[in-house]
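So the structure is just underneath, and the comments pick up after that.
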Amino acid sequence: MTASTSPTLDVAARPSGSHPATLAAVVVFALLVVALVARTAFLLWEPPFDGAVHYDAVAPLGDAYWGMNLLVGGPSFAISWVAVAILAARLAHGRSALVTIAASVVIGVGGILFALVVTAEVLPFALAANPEVLSEAEGRAAFDVLNAHLDVVAPGIVGSQAAVAVGMLVLLVVSLVTRALPRWLAIAGLAYLVVFAAVPFELLPRAATIASDLVQTLLVASIGWCGLRATVARR
């Protein structure tokens with residue numbers, strides 16, 4: 001083997017080694033987009049939450065209430081957060097790489113826990129609203145009992161949301177310093193986190209909650225897109 005042969009082989013090997021990573025990133029971004037669309041559709045469909053789950057809102061939905069939560073709501077939340085976490089990790093570079101990767105892991109794990117908790121939360125209500133399980137009077141009484149004990153799942157919901165928020169906060173701050181994300185996107189993301197933490201959206205009109213969810217969706221999609229571009233740029 002001559003001295004000139006080795007560099008030639010190395011250069012030729014790079015595209016074939018990096019192409020699978022690019023293809024994987026494209027697939028993950030596609031999953032992110034589908035999950036965000038499904039998540040948005042689910043949030044527009046589900047009965048509004050004003051601090052309680054109401055029998056009159058759930059009962060007319062029948063089996064669709066549990067089915068939509070199990071097959072659309074829960075999976076779309078889990079997939080969207082895991083997908084954006086994977087793509088966010090692709091933004092890692094330099095001395096801050098480990099911090100970015102750690103933040104991405106926190107986002108993904110927090111997102112999975114959130115999806116599990118919110119899906120588990122609706123199961124008792126779905127059963128209580130099912131006329132084959134309980135009569136209407138019994139179902140309404142069960143709703144009253146369940147709503148009085150939402151504090152059982154509240155720590156899981158709030159804690160998982162906090163984990164995602166902290167992960168995003170670290171990611172955005174690091175990205176603002178390293179310019180891994182466009183400056184406007186990092187600042188917009190940080191501003192959204194402040195608003196999300198300070199405003200009790202569950203007490204505001206449904207339009208405010210929908211607007212918040214749409215802004216979050218756009219920000220998450222934008223971060224995922226930047227992660228995809230970073231992966232392609234490394235080819």
Compactness summary of the chain: radius of gyration and Dmax from Cα atoms, Å, are 21.7, 86
Protection proxy (average C-beta count within 10 Å per residue), highest first, orders 97-107, 205-215 as 97-107, 205-215
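What is the Cα radius of gyration of the range 153-235 over 2.2 N^0.38 Å, N being its residue count? Walk me through the numbers on the way to the answer.
Numbers: Rg = 14.3 Å, N = 83, 2.2 N^0.38 = 11.8 Å.
Here the Cα radius of gyration is 1.21 times the empirical estimate.
Taken together, the values in this text are just the output of simple stated rules run on the coordinates, not laboratory data. What you are looking at is a predicted structure, and each value in this text was computed from that prediction instead of being measured. Note: ideal-geometry Cβ built from the backbone for every residue, glycine included; neighbour counts use all protein chains shown.
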